[in-house]
Structures are given as C-alpha cells and as structure tokens.
1. Which residues, taken from segment 168-212, are in contact with a helix residue (DSSP H, G or I) (Cβ under 7 Å, 6 or more places away or on another chain), modelled with pLDDT under 95 and more than 20 Å from E134 (Cα to Cα)?
2. Can you go through A141, A127 and tell me which one is at pLDDT below 95, surrounded by fewer than 24 Cβ atoms within 10 Å (Cβ to Cβ), in contact with a Gly (Cβ under 8 Å, 6 or more places away or on another chain) and farther than 22 Å from S251 by Cα?
3. Whether any residue in segment 47-57 is closer than 24 Å to W165 by Cβ, touching a Lys or Arg at 6+ places or on another chain (Cβ under 6 Å) and assigned to a helix (DSSP H, G or I) is what I want to check.
4. Please work out which one of (1) within 19 Å of L54 (Cβ to Cβ); (2) without any contact (Cβ under 8 Å) to a residue 60 or more places away in the chain is the condition P170 fails and give its number.
5. Need the failing condition index for E77 against (1) of a type in the set (D, E); (2) modelled with pLDDT of 80 or more; (3) outside the structural domain of A43 (by TED's automatic domain parsing), just the number.
6. From the list R47, R24, which one is over 26 Å from G243 (Cβ atoms), surrounded by 14 or more Cβ atoms within 10 Å (Cβ to Cβ) and basic (K, R)?
7. Here are G371, G353: which of them is at positive phi, in the same structural domain as G243 (by TED's automatic domain parsing), buried (at least 19 other Cβ atoms within 10 Å of the Cβ) and of a type in the set (G, A, S)?
8. Looking for whichever is surrounded by fewer than 24 Cβ atoms within 10 Å (Cβ to Cβ) and among the hydrophobic types (A, V, I, L, M, F, W, C) here; the options are A185, A179. Which one fits?
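The values are calculated or read from the model by the stated rules, or taken from the named source; none is laboratory data. Because the structure is a prediction, the values reported are computed rather than measured. Positions of Cβ are generated from backbone atoms using ideal geometry, with glycine treated the same way; all protein chains shown enter the neighbour counts.
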Amino acid sequence: MPAFSLEPSQTARCAELRSLAAERLRPLAEKGEPGHVNRQLIAELGRVGLLERLFTSGALDLCLMRESLAYACTEAETALALQGLGAHPVHTHGTPAQRNRWLPAVREGIAVAAFALSEPGAGSDAAALGLRAEREPDSSADPPTQPVAAPDGPARWRLTGEKCWISNAPEADFYTVFARTTPGAGARGVTAFLVPADRPGLTGSALDMLSPHPIGALAFDGVPVSADDVLGEVDRGFRVAMGTLNLFRPSVGAFAVGMAQAALDATLAHTARRDAFGGKLRDLQSVAHTVAEMALRTEAARLMVYAAATAYDEHAPDVPKRAAMAKLLATETAQYVVDTAVQLHGARALQRGHLLEHLYREVRAPRIYEGASEVQRGIIAKELYANLEAM
C-alpha cells in the first residue's frame, strides 16, 4: 500500500473513530479529573475494542487510531497511547506468565500501564539512567549477561532511585521500569523490569503539569525484583525501550496531526463566517495565505507520519531515522498550526473551555516527551552519517 494513499476502508474507519470519540468517549473524558487516571474512559476504550487493537495492529493502524481520536477527544487518544506505551514491552518481550497476568486486563481496560524511563537527571539522555538495580547478596557476585540462578534461587535485585515525568504515575497498576544493572556500561547496562505498583518500597506522587493527563514521580526504596520480572534480557533493556519508541514515535506524530487538523478545521469555519473590515476574514489575503500554510504543513506532516509507520510495518532498515523525522516534523507543525489558529481566532480562543485553549495546552508536551525535538534531530543526523560511512 502506498504510504501517501489510504484505502477507502481505512478512510471510513477513521471517520467511524472520530464519531465514536465525539459521541461516546468525549462525555466520559469530560467527567474525568485533570491530572488523574480516568478509569471509566479506559474501560470504555476496552469495551469498544480499541485496546485490543493496540496488540493486533501495525504501526500505520496505530497512527490512524491516534490521529482520529486526537481530532475529537485528546483525552481518549492519550489514554489509549499510554496503555500501549506501558504494555507494549510486556507484549513483545514478556514471558508467557507476564503476558497472561497483565495483558488481558490491559485489553479490557481494567489494568492501567505505565512506561517508566525518564528520571530527574536523565530525561532525553536515556543511556544515563541512574535508577540502580543492585544484586542481593545471595545472588551471583559478578553481573551476568543473563539471569543466573544462585544455589538458593533465581537472580534478585533491589531497585533504588527515582523516576520522574512518568505518564499515569502514580496511579498505574504496573510499570515497565528501566534500571541500571551494570554501572558504567551506558546503554548496554540497562535492564527492563515489569514492576507491579504494590511492590514494597515503591511510592509515587502526582506532578501538577500544563498537560491535563496524569504525570507523576516514582521513588524506589529497595523495591524487590527478580529474574521473573525481567522483560527481555538482563543488560539489554535499552533495546526494549528503543524498540517501543520506534513504534510509538510516529504515532506521537499522528496525535499531533490530529490536533493540527482539528485546529485547522476550526480556523476554516471561523474565518469563513467572521465579519471583519467589510467582509469575511477569509477575504483578507494575509488570512487566506496563512490558512493555506497551515493546511500545507499539516498534510506534509501527515504524509511523513504515514510513511514512517509504513516503513516500520515493512521492517525497513531506516525506521529509527523515519520515526524521528515523523515525530519531529509533526509535533513542530502542530505547535505552529495550533498557535496560528489561536492568533486568527483572537481572544475567544484563550477562554477556558474553548477547543483551541484546550489544544494549546495539549500541543506543547509532545515536542518534549518520547525524545525532545533536539533529540530527534540528533537521531536523524546520527543515522545520516552512519549511512554515509557505510557506503
């Protein structure tokens, strides 16, 4: 399927999702409390089958879901995405026992997942993680590359340190946690653990953020984990993190495109009916050209998102570069489009409850999370030079 053209069935499905979001999901979102997990909304995502699709769909379908939901209900989009981000490592790297324990509950919207990578001193620089996974004395003295069973039981660690800016924290039911198992090894010394929220020593607090979805900090005070909690392999958790982000970064771009399209459509309607200077706003060439620029950038971002997602689905070799490009272009574009829409609407767009006031608060965070724009530029440049050296 060409990356620049959707099948009629896909277009129809996107329209259905927009209607679903507006009619069934938005009322539940409006009942939620900002900064807290909306379990009613998540349960409804499970009932309508969208959470199931997180694990049965490809990257392009994930993008279409996120774009469609974002257009009509950003809260539903974010709730869906956070479930996928937190649970995807379990789906792809978990043991049968881990998957059986958590994934059915995630699909049904009963269990809330979270992806715990960022730290106070290691946000974009994920290889600099400081959360320590220290071997218990009764385990092997030398850090192995695989979980090694000591004479009296499997490998065990204690997690000590902090995580910060974790979506769904501290209200999630389980966390995909990335911790350092080998000091001084950079990205090669990180292990992914599945940590239930009720583990002793794990506490959390909510953070008051600009974005309305729940974000918090986690404190690990000797939290016990064992080989049974490892996702993937010991010291290879960075691959788990990057594999997850390569899938979800294009779909962050899709989220941004959905918001940009909503802002563009609102601006088209407003400028077509708003009286100004003896005519309609759209009759002013400066306004018409600005709206054209908004549409141009939105469509360009959409096409890059679809291309990146298609590359992921086709196992193309340049997925990291394409994913970074898609997230970078789409999130920066959405910031421009929403800001410009506010400018063309004037003061009314700054009123609490206005669509654009809501989008203005929502659109800023995607330029930072899952790798800030500067990090995406670094990834793109690294991939370009790596390809040059390989020639």
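1. L210, S211, P212
2. Among A141, A127, only A127 is at pLDDT below 95, surrounded by fewer than 24 Cβ atoms within 10 Å (Cβ to Cβ), in contact with a Gly (Cβ under 8 Å, 6 or more places away or on another chain) and farther than 22 Å from S251 by Cα.
3. The answer is yes, given that some residue of segment 47-57 is closer than 24 Å to W165 by Cβ, touching a Lys or Arg at 6+ places or on another chain (Cβ under 6 Å) and assigned to a helix (DSSP H, G or I).
4. (1)
5. Failed condition: (3).
6. The conditions single out R24.
7. G371
8. A185
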